[in-house]
Amino acid sequence: MNISWMSTQRSTLAATAAVLLSAAHSGLAQPVFGNPSPTAGSETSQKANAAADQAIYKPVEYVNKGKRGPALVVIPGDIKSAHANFAQKFGPNNIADYAELELSQANFSVLERANLGNLLQEISLAYNLGDANKARQTMQVGQLKTTKWIVKFDILKAEQIAENRQGFDGRAIGGIIGVFGGLGSAVAGRATSSVQTNESTGVWIIGMRYKIMDATTTEQVAQGYQELKMEVGAQSTSVLGVSQGAKGGVGLDTMVQRLVQTAVYEIDSKYKE
């Protein structure tokens, strides 16, 4: 047998395998997006991105994800907080959207509200009123026949608990230094007067209740309550016309999503049969 021919065949096979492996990896690669911002890569960009990385969506590893959960429907809950900012930003459907996403991630069989049409209002009314007869009547339609649970998520609390501010204004001290006279004192006084620093921090507490109801009887199967803290801060410094500032923190959207994740984690770990 020609040894040279065998060596050539091996090389050809190895090259083919490498191409196929590279294609497979390319098919599985995550999308990569550019950053057209003119400040990309700058110090301010790096700090802003580091802060954003703390708030970016992170999937939860649900402990019973391998076990299929019962069929369920998420109905819009109640927002009982009187805080104007929260009420303007969120509606019950926003929270239900997050809940459907996370319950699906935890391997529950979720019949999405978008597929229910006008039935959603009838279902919500029946279970909020605890009307078992109306609930049984409504749940005899199509895919609803296999539904075991009705789940809702309510915001019971959204309030700013604490706020702290501190800062330094160099104008008063700069004026005192300038009083002593002389060119040096005048320059030092102006430099000190230019110094301005401000820092503020606010802390919110947001509380969410989940409630699981039997799809046939409307009776409560389980409920739970979770609270999380949200901190929002800002700081700024200005010296001789050179300024620097930063503000940030986890937003209300992220907090609601994290509360839903926390609630779904408890539902997944406690109530799957």
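The values are calculated or read from the model by the stated rules, or taken from the named source; none is laboratory data. Since this is a predicted model, take the numbers as computed values, not measurements. Cβ sites come from the backbone with ideal geometry, for glycine too, and all protein chains shown count toward neighbours. Quick note on the areas: whole protein, heavy atoms, side chains included, nothing else; ligands and nucleic acids left out. Shrake-Rupley method; radii C 1.70, N 1.55, O 1.52, S 1.80 Å.
Key figures for this structure:
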| read-out | value |
| --- | --- |
| Any chance GLN121 is open to solvent by 20 Å² or more (accessible area, probe 1.4 Å), within 20 Å of the chain's Cα centre (by Cα), modelled with pLDDT of 85 or more and not hydroxyl-bearing (Ser, Thr, Tyr) | no |
| Single residue of THR197, THR218, THR237 found to be at pLDDT 60 or above, within 25 Å of GLN54 (Cα to Cα) and either among the basic types (Lys, Arg) or not in a helix (DSSP H, G or I) (or both) | THR237 |
| Selection status of ASP97, within 19 Å of the chain's Cα centre (by Cα), open to solvent by 50 Å² or more (accessible area, probe 1.4 Å) and at pLDDT 90 or above | yes |
| Test for LYS152: is it at pLDDT 85 or above and either open to solvent by 50 Å² or more (accessible area, probe 1.4 Å) or hydrophobic (A, V, I, L, M, F, W, C) (or both) | no |
| Odd one out for LEU111 among (1) modelled with pLDDT of 85 or more; (2) among the hydrophobic types (A, V, I, L, M, F, W, C); (3) open to solvent by less than 40 Å² (accessible area, probe 1.4 Å); (4) within 30 Å of GLU231 (Cα to Cα) | (4) |
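The rows are residues; the columns are (1) at pLDDT below 70; (2) small (Gly, Ala, Ser); (3) more than 28 Å from TYR98 (Cα to Cα); (4) surrounded by 10 or more Cβ atoms within 10 Å (Cβ to Cβ).
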residue	(1), (2), (3), (4)
TRP5	yes, no, yes, no
PRO31	no, no, no, no
SER45	no, yes, yes, yes
ASP53	no, no, no, no
ILE56	no, no, no, no
PRO76	no, no, no, yes
